[in-house]
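Reading through the structure tokens given below for one structure.
The values are calculated or read from the model by the stated rules, or taken from the named source; none is laboratory data. Only a predicted model underlies this, so the values are computations on that prediction, with no experimental measurement involved. Cβ coordinates were reconstructed from backbone atoms using ideal geometry, including for glycine residues, and neighbour counts include every protein chain displayed. Just the protein is used for accessible areas: all its heavy atoms, side chains included, with ligands, DNA and RNA removed. Shrake-Rupley method; radii C 1.70, N 1.55, O 1.52, S 1.80 Å.
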Amino acid sequence: MRELSTAGQKVFDARYALRDESGNVIETFEQAVWRLACVAASAEKEKREQWEEKFADLMGGLLFIPSTPVWTNMGKADLPWQPSACFVLAVEDSLQSMYETLAATALVFKSGGGVGYNFSSIRPKGSLVNSTKGRASGVVALIKLYNASSDMVMQGGVRRGASMGILNVDHPEIIDFVNAKRNGQLTNFNLSVGITDEFMEAVENELEWQLVFNGQVHEVVPATKLWGMIVDAAYFCGDPGIIFMDAIQKNNPVPKNLLNCTNPCGEQILSPGESCLLGSVNLARMISDNGRINEELLKETVTVAVRFLDNLIDVAEYPLPAITEATKATRKIGLGFTGLADVLLMASLAYDSEEGRSYAGEITRLIQETAIQASRELASEKSCFPEWESSIFYPAEKRRNAACVTIAPTGSVTTMAGCEGYGVEPLFAVAYRKATNVAGDFAVFSQLFLAACLEHKVEESILTEVAERGTCQGVEGIPAEIARIFKGAQEISPEDHLLMQAAVQKYVCNAVSKTVNLHNTTTAEEIARCYKLAHQLGLKGVTVFRDGCKEGTVTVGKKERREEGLARGKGKNISPGKSCASAIAYEILQTMDKINGSAQKKVMDSGLLCECGQQLERAEGCMVCRSCGYAKC
């Protein structure tokens, strides 16, 4: 049983541990591991104790980390055993359906899940309502209602409800939808436009585009004009993202069930009523002496993790009978990974290199092949998922699960796992300013970066400049080998972000949650090229985030502060009472103590302030806190 890092223990105590009636923590990490292992093993008819031990070894060794609802709900006497993080609900064009779905949403939020909706069935604003002879409020008004309700319900008691709203690009209210978040509203919603291949062809050929509802054309607009509105909105506020509808339907494992929506972060594509539970393999714990992945350990971990997730479907208590039925009909699971950036750095592979992408793809391929084989074996041992005969696998291939692999956001999971890289993302930056409410700002470094600097005997004065800039790029005295691989998210081109996403997506049953973090100087034209490349690469969706496009965000290595500090000859933007040198020296000493144990301290983000006083980072569609595990999607 591995000991959690300080940050990991903080996340566990704050979010996952059992508490008494007074709110005091009454459960250790080890006890929680056995709680989950016992619940998962209870689905076994034979060798229950053996499976319980295997599940506990996996989680206790931090080789596999289930997602938040599993830790929060499963095995607790006072809560429903609801393990799923991802839900999609249908909302139809009637007042009854709208409020029934809203009520179902509240129950999902209460149990710790996030919800996605496709609002394209809702008549546009101003349309005649036959039953009342009034005028419809429309899609954006309905989203505002749902958004306000999200503030009332905490997900599993640890965060506000998060939602994804999708509107198809031919809906008459698409322009209002595209601009709905430019004024800072809808803070509990991610928005994405459902883009079709036909629309992309219309943009390319500068054709007119019809906005249609129920077969009636409401308006005709130039496709390029609508495309420009989508791009401009993403430039100004980060929303909307894009979902490629033809791509997600093309990979539908049960074609009779429409796929037109995802969960809040875009990685889990589901039919209305379905849910999916998530878990992540910790790649950073699987490094061999040669700096590469221990493939046998990875395969063993994936095989047991698939069984763990599948078992939880059998013992789960879902919010509504319809969700239970739809979820068990396809038995979709979402096994992914965290710590990819750690693996690439330890293998001396740049995230934005062909070699780095190839290796990431190979790791994902191995995970997918192993997960599918595990699902086949479970199908032979137990049974296929009930809708198997309607699936693309019938009759040649038996499977227990209609889908197995998902690359999800890993905020709390990454902190628990003790690695630096979220999911598929690169390091956000090698150096941050860690802001606190009571102690000012502290210089915080990537421990992997400091370890590399120690190995190359980089001088402390050089690290001082890195702290000031928030980057090692262009800093004299940083060895070229370090600068080559230690690039932050904004120092990687949009094209290279997308090429990495494509390399991984190739071996993913569901989708990949990925944010293309862009420098503040990125133009709308560059975002347009990013979206078009995503379509050309066959991605299922894409989200961009330009640094500073939301009020309150802070850029890494703020130039105005840096210039002011250098003019005075000091690092004034480091914490009051602590010199830049002493802050760096402290980090170096911490690193020297931990290097042999391969521990990695969490890197804090520049961003919005978390409720715990730390700052939030934009990652995979969410604002996440690396200190306490809070996530706001």
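Things worth noting here:
- Remark: C-alpha extents of the stretch 169-259 on the principal axes read 39, 31, 25 Å, sorted largest to smallest.
- Taking the convex hull of Cα positions in the stretch 237-310, its mean projected area over all directions (nm²): 7.7
- The slack between residue 355 and residue 46, meaning 0.36 nm per residue of separation minus the straight C-alpha distance, is 106.8 nm.
- Cα gyration tensor shape of the stretch 509-549, rounded if a/c is under 1.5, else prolate or oblate by comparing a/b with b/c: oblate
- At an R0 of 41 angstrom, the distance between the Cβ atoms of residue 176 and residue 495 translates into a FRET efficiency of 0.85.
- Peptides ranked, highest mean first, by Cβ atoms within 10 Å: ranges 269-281, 301-313, 453-465: 269-281, 301-313, 453-465
- Taking only Cα atoms of the stretch 308-454, radius of gyration then Dmax in Å: 20.2, 63
- Rough spin-label spacing in nm, given labels placed 7 Å along Cα→Cβ, for residue 214 and residue 3: 6.6
- Each listed q (0.14, 0.17 Å⁻¹) maps to a log10 I(q)/I(0) for the stretch 21-124 from the Debye sum over equal C-alpha point scatterers, namely -0.69, -0.85.
- Ranked by how many other beta carbons lie within 10 Å on average, peptides 166-174, 190-198, 375-383, 476-484 from highest: 166-174, 190-198, 375-383, 476-484
- Solvent exposure of the stretch 343-486 as accessible area per residue, Å², 1.4 Å probe: 35
- Spin-label model, residue 232/residue 325: points 7 Å from Cα along the beta carbon direction are separated by 4.7 nm.
- Pairwise Cα inverse-distance average, inverted: Kirkwood Rh of the stretch 290-377 (Å): 14.9
- On the beta carbon distance between residue 26 and residue 521, with R0 = 51 Å, the FRET formula returns roughly 0.50.
- For residue 86, distant residues with modelled amide H under 5 Å away: 114, 276
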